[in-house]
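Read through the structure below, which is laid out as structure tokens, and then see the notes.
The values are calculated or read from the model by the stated rules, or taken from the named source; none is laboratory data. Given the structure is predicted, the values throughout are model-derived calculations rather than measurements. Glycine gets a Cβ as well: all are built from the backbone with ideal geometry, and neighbour counts include every protein chain shown. Accessible surface is based on the protein model in full, side chains and every heavy atom, while ligands, DNA and RNA are left aside. Shrake-Rupley method; radii C 1.70, N 1.55, O 1.52, S 1.80 Å.
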Protein chains: 4
Amino acid sequence: MSGVHPKVLAAIADANMGSALPYGDDDLSKLLNDRFSEMFETSVSVIPCLTGTAANSLALSLMAGPINSVCVHEKSHAYLDECNGPEFYSGAKLKPIPGENGKLSPQSLGPFMAAIGERHSAQPSAISITQTTEFGSVYSLEQIKTLSSFAGNNELSLHMDGARFSNAVAALGCGAADMSWKAGVMAVSLGFTKNGCMAAEAVILFDQTRAEEGFYRQKRAGQLLSKQRFLAAQLLAMLDNNLWLENARRANRQNEALLSRLKGIKGVKVPDDHCGNMAFVRFTPDQIARLQSSKMAGYVYDNNQMRLCCSWETTDDQINAFIDVVTG
Amino acid sequence: MSGVHPKVLAAIADANMGSALPYGDDDLSKLLNDRFSEMFETSVSVIPCLTGTAANSLALSLMAGPINSVCVHEKSHAYLDECNGPEFYSGAKLKPIPGENGKLSPQSLGPFMAAIGERHSAQPSAISITQTTEFGSVYSLEQIKTLSSFAGNNELSLHMDGARFSNAVAALGCGAADMSWKAGVMAVSLGFTKNGCMAAEAVILFDQTRAEEGFYRQKRAGQLLSKQRFLAAQLLAMLDNNLWLENARRANRQNEALLSRLKGIKGVKVPDDHCGNMAFVRFTPDQIARLQSSKMAGYVYDNNQMRLCCSWETTDDQINAFIDVVTG
Amino acid sequence: MSGVHPKVLAAIADANMGSALPYGDDDLSKLLNDRFSEMFETSVSVIPCLTGTAANSLALSLMAGPINSVCVHEKSHAYLDECNGPEFYSGAKLKPIPGENGKLSPQSLGPFMAAIGERHSAQPSAISITQTTEFGSVYSLEQIKTLSSFAGNNELSLHMDGARFSNAVAALGCGAADMSWKAGVMAVSLGFTKNGCMAAEAVILFDQTRAEEGFYRQKRAGQLLSKQRFLAAQLLAMLDNNLWLENARRANRQNEALLSRLKGIKGVKVPDDHCGNMAFVRFTPDQIARLQSSKMAGYVYDNNQMRLCCSWETTDDQINAFIDVVTG
Amino acid sequence: MSGVHPKVLAAIADANMGSALPYGDDDLSKLLNDRFSEMFETSVSVIPCLTGTAANSLALSLMAGPINSVCVHEKSHAYLDECNGPEFYSGAKLKPIPGENGKLSPQSLGPFMAAIGERHSAQPSAISITQTTEFGSVYSLEQIKTLSSFAGNNELSLHMDGARFSNAVAALGCGAADMSWKAGVMAVSLGFTKNGCMAAEAVILFDQTRAEEGFYRQKRAGQLLSKQRFLAAQLLAMLDNNLWLENARRANRQNEALLSRLKGIKGVKVPDDHCGNMAFVRFTPDQIARLQSSKMAGYVYDNNQMRLCCSWETTDDQINAFIDVVTG
């Protein structure tokens, strides 16, 4: 719901000076691989995309094909909220798998490995995890490594849906590399839209075996802009002086501030293990009614929970106003 | 290769004031159907897209399915330059059909109708024409009506790839309605990117039977932005005071000016029936060499032809500079 | 594992007299619609298929498309054992849904209807049930009607995977019509292979709206034989004098006999609600070891259960031999 | 239109003795790789299929994917007569290419190689030729080698649609190996149905890299019979004592006899370069009228041509009867 960061908007305007070669042959687009390789401290191939659905679907189509299945959390965005996008791009089946707090684990994944080698079953070829998870929790580096080790033992690829990648890095206080390839992740769908861009996501390939195929798939899916420089400009603006990290830290801080204040309010139940910039918080019916009548409430989940998100542009005033409504 | 019109850029910046509901539930997106219905003088459903490939592919997926074929010109963008995008979205086969000047006609289409009712053949369900064609020619209103009548007789839908729709309207001096539904076209993939936007195309559905399905397909294809208002803002800016038409007229005028001057130059062969903002012009090898060394030449087609395009931002100075290089 | 019924084999040999028009234009194929319309006491369209996977996938492709989901039991053959066949043919997502005894119910289906109208979610368009279920249980007519009513209320189609349709009809003592369209089923994937054919299944369409499309899909999927008469001959042989029902009754009787005798054996646990020709029976580890060493045991499921099936050709001697091994 | 060879029918009946493991784990199916490896004098992987459409589509899906194109003759069965089957299985685009006598050549293929490396174009990855061609002509071994060399230079795979493979081998008087892998063919869709089976085709993979994937694709497409032994039995019966070759030789001989006699009849035009068991022959309108009224004529092609085919069961009497009608 938030807008575009002023520095990103300025970068778009700057990119508009003079003409440029189309379809990614411009000077800005040519910088992407190098600049993201710096961010991730290793050589990467970058496929810019316009939406998170496209970034997830494109990444998975390089890890799974029509005879395969992809293990995902049963509440994951890829499974529930992308209207068959990943299946469309890849042809694979997404296998919904339960797991506490929005996380997959070798224990929950184990039984699904029985399909390997079974002629009648779609063959598992990838695991996709979401970081920050849909529940607002964050996989620890150790948990990711455990999963990548499990994936490796079963000859599966490990993908990370990083719609909130930046917030997770900020929450863990680690580097982008630590939370991705150093922990065994082979591709990240990196989301910069929620974090300050207009529409800018990127598939980051650490395993570059199928990078070239990925570029043709990008074109085929209608994800290659003729004026690609405006997409590149957004991505690059986020990398300049680590704007991505600064924005994420600010969003996390505001979220922490909001939750701290909510904890003290009677009837409100804040989860213990929150971090990042999102949490599911339980309210009383009265509080919900007040939030709804003041247009501050969105969808109410089971158990009177609401999903609270702060962004890079959430102000202290907004938090104050929210608290005021909750306290009534 | 050109940039973004200042008014479009301003509209994007304006859209950034305050937050808005995501995924097309914002106020700007809600205006699209009404505003385009005004432009086309009839009720339409609008599905915004980010690229021309997506707009063509999405439109065709509503007119043709896995057992169908779509008749296209053998040199059309949809067949040659979209890396299987239309086949991907629709599942249908694109049938390449010859035709003079980039145009289809009942004569060239006729033999392909023999497949209708043949159990072993993909069933023709749509014809897709490009206006302005890939050759720079423009279908007359009469020619479009003849095709839509042919389509109707064979129970086919008629689609128009309108990547250069605006230039064709300007060239014909007619209204958007005349060149579309009034001539029997059932859907247009309307391109505003070449005509001044950053990345803004739209599927315009006159036959709205499958409009709702189209919105789910848009999401599934990764063409629904979370911050959809920035796409809506671009489209609306083009409609304000008919900026789309003003830009197209200007591009056409500059193209006319360029071609007039080229006609007088020895060795240059300008096609007789040019109109719109694009033409294939033949040069001498020397002229080509000079254009290439001055970075003014792109791809050289058969018979020493080059594709010349003017845009809304082509200046007289640029034309002068081009002529200077050609004359040597 | 069983073979081909002598009458079916004879019908194949008979069909080999003289030449015939190919691809379903032969005299036998032309009888199919009429003969199955008699069996089902209503006008039906029949699409012959070669495998159960094809029959399920083809039927579902007429009820669900790329933006849709199909509700199936989480242990269903379509979901687990057809290697993405239904997703391949239809483009839809199969939603695995829990349910006791292999059965779906409005209670278990209910929560999945929340996706209806949600832009980001695949849209439920069909429910597929298996009769006899994968657990060996049989939906009562009342249960089917309850499901079709639920389906109708949510504008979904109801499909029946009838790989063991005949055995269920025999078990319920009803007519083929009662268990299908009269109970609200819109298409059945009718399996005759297990029941005595070499390779003969058929999609039976009560809702014939998309029958013609189905025939093109049959061809496209490689399911239309040039010598289609040999497939028609098998299907017709099963209809003659209700061989399908006679075979099913015999299989059910033998199964009943087998289970009755097993019930008396110490350590063996026969399910209470068995019917049809299949049941999951629990044995002691010793019994399993003996069955395996005598090559009578196949796969052992959780809790030391084995799946026992009788066919139309199961003899009393085979049952005696099996009992002897169990008792040791 | 012809039936099943008695030896094949006998093999089916033999296969019906006793029960067998399902889904290709039976003893007959296990012989396939070895027996076809003998036929082709090299190690091959065999994927049995039920129709020619399936065999072509499955083979091509192992050579081309969604970003690819496959070069085929513009009159080929795969392009015209399989209702999008190859596109369905593979996701690739089939590129129709002209060529004399139903044959592709480096000259006709050359221009289509310009797409290689072009971001906007489907990437050519395979060439598919038909042997015997749809025109009744036969590629010489030299012509096949020239094509495989061209394919190799462009990093394409070479596939052979061998619906009439046996007749071509018989016509060339070479071995099955000579006309396939020794000439650079990487996979053959081998058709035994026209040559005496009920429904038995096979994908023969010389390049076995993706054989395992092929078996999963076979299952997914609904091409894996539960009683797979009856398909294996047909294929093996054709290999016994080279029945495939004997049948093909007989069909070719009868065709030769028929054409020889037709040559002497006024008004009949037999093509010079016929071989195999099929030819397009031109008749006078009177002759066609007589053939049609005696039910001997099928579809009449351009220029009063009819397609004449002899099979392994065509008798001298049938030829005499045909000649009688032509002479009137």
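Candidates C:A177, C:A168, C:A187: the one that is touching a residue at least 60 places away in the same chain (Cβ under 8 Å) and in contact with a His (Cβ under 6 Å, 6 or more places away or on another chain) is C:A187. On inspection, A:N320 does not qualify as in a helix (DSSP H, G or I), in contact with a Lys or Arg (Cβ under 7 Å, 6 or more places away or on another chain), over 30 Å from A:V203 (Cβ atoms) and open to solvent by 10 Å² or more (accessible area, probe 1.4 Å). All told, A:K295 falls short of being open to solvent by less than 10 Å² (accessible area, probe 1.4 Å), more than 22 Å from A:A176 (Cβ to Cβ) and within 14 Å of chain B (Cβ to nearest Cβ).
Is one or more of the residues making up the range D:20-43 touching a residue at least 60 places away in the same chain (Cβ under 8 Å) and among the basic types (K, R)? Yes, that holds for at least one residue. Only one of the numbered conditions (1) within 8 Å of chain C (Cβ to nearest Cβ); (2) buried (at least 18 other Cβ atoms within 10 Å of the Cβ) is violated by D:V46, and that is (1).
To keep it simple, each residue is scored yes or no on (1) on the phi > 0 side of the Ramachandran plot; (2) more than 14 Å from chain C (Cβ to nearest Cβ).
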{"residue": "A:G117", "(1), (2)": "yes, no"}
{"residue": "A:P124", "(1), (2)": "no, no"}
{"residue": "A:S128", "(1), (2)": "no, yes"}
{"residue": "A:T146", "(1), (2)": "no, yes"}
{"residue": "A:F150", "(1), (2)": "no, yes"}
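For the range A:79-100, indicate whether the set of residues that are in contact (Cβ under 8 Å) with a residue 60 or more places away in the chain and closer than 29 Å to A:A211 by Cβ is non-empty. Checking the range A:79-100: at least one residue is in contact (Cβ under 8 Å) with a residue 60 or more places away in the chain and closer than 29 Å to A:A211 by Cβ.
Scanning the range B:53-66 turns up no residue that is at the interface with another protein chain (Cβ under 7 Å from one of its Cβ atoms), without any contact (Cβ under 8 Å) to a residue 24 or more places away in the chain and either buried (at least 24 other Cβ atoms within 10 Å of the Cβ) or out of contact with any strand residue (DSSP E or B) (no Cβ under 8 Å at 6 or more places or on another chain) (or both). Of D:D272, D:D286, D:D302, all but one fail to be open to solvent by 70 Å² or more (accessible area, probe 1.4 Å), under 21 Å from D:Q131 (Cβ atoms) and not hydroxyl-bearing (S, T, Y); the exception is D:D272.
Could you identify the single residue in A:R217, A:R210 that is touching a Pro at 6+ places or on another chain (Cβ under 9 Å), under 30 Å from A:A151 (Cβ atoms) and at pLDDT 95 or above? Answer to the check: A:R217. Taking the criterion of being at the interface with chain D (Cβ under 9 Å from one of its Cβ atoms) and out of contact with any helix residue (DSSP H, G or I) (no Cβ under 6 Å at 6 or more places or on another chain), would at least one residue in the range C:229-241 satisfy it? Yes - at least one qualifying residue is present in the range C:229-241.
One residue alone among C:L243, C:L258, C:L235, C:L224 is of a type in the set (A, V, I, L, M, F, W, C), within 30 Å of C:T51 (Cβ to Cβ), outside any helix (DSSP H, G or I) and at pLDDT 95 or above, and that residue is C:L224.
Checking each residue in the range A:283-322 for being aliphatic (A, V, I, L, M) and closer than 27 Å to A:P6 by Cβ picks out A:M296, A:L308, A:I319, A:A321. Considering only residues in the range B:96-105 that are open to solvent by less than 30 Å² (accessible area, probe 1.4 Å) and not β-branched (V, I, T), the one that is nearest to D:I67 (Cα to Cα) turns out to be B:P96. A single member of C:S157, C:S149, C:S189 is among the small types (G, A, S), open to solvent by 20 Å² or more (accessible area, probe 1.4 Å), modelled with pLDDT of 95 or more and within 21 Å of C:P96 (Cβ to Cβ), and it is C:S157. Only a single criterion out of (1) surrounded by fewer than 23 Cβ atoms within 10 Å (Cβ to Cβ); (2) within 19 Å of B:Q123 (Cα to Cα) is not satisfied by B:V70, namely (1). For the range D:73-95, which positions are charged (D, E, K, R) and surrounded by fewer than 24 Cβ atoms within 10 Å (Cβ to Cβ)? Those that are charged (D, E, K, R) and surrounded by fewer than 24 Cβ atoms within 10 Å (Cβ to Cβ): D:E74, D:K75, D:D81, D:K95. Candidates in the range C:25-43 are the residues that are within 13 Å of chain D (Cβ to nearest Cβ) and in contact with a helix residue (DSSP H, G or I) (Cβ under 6 Å, 6 or more places away or on another chain); of these, the one that is nearest to D:N16 (Cα to Cα) is C:L28. For the range A:200-224, the set of residues classified as surrounded by fewer than 24 Cβ atoms within 10 Å (Cβ to Cβ), within 14 Å of chain B (Cβ to nearest Cβ) and of a type in the set (A, V, I, L, M, F, W, C) consists of A:F215 only. The residues of the range B:1-24 that are closer than 18 Å to A:D14 by Cβ and within 7 Å of chain A (Cβ to nearest Cβ), listed by number, are B:M1, B:S2, B:G3, B:V4, B:L9, B:A13, B:N16.
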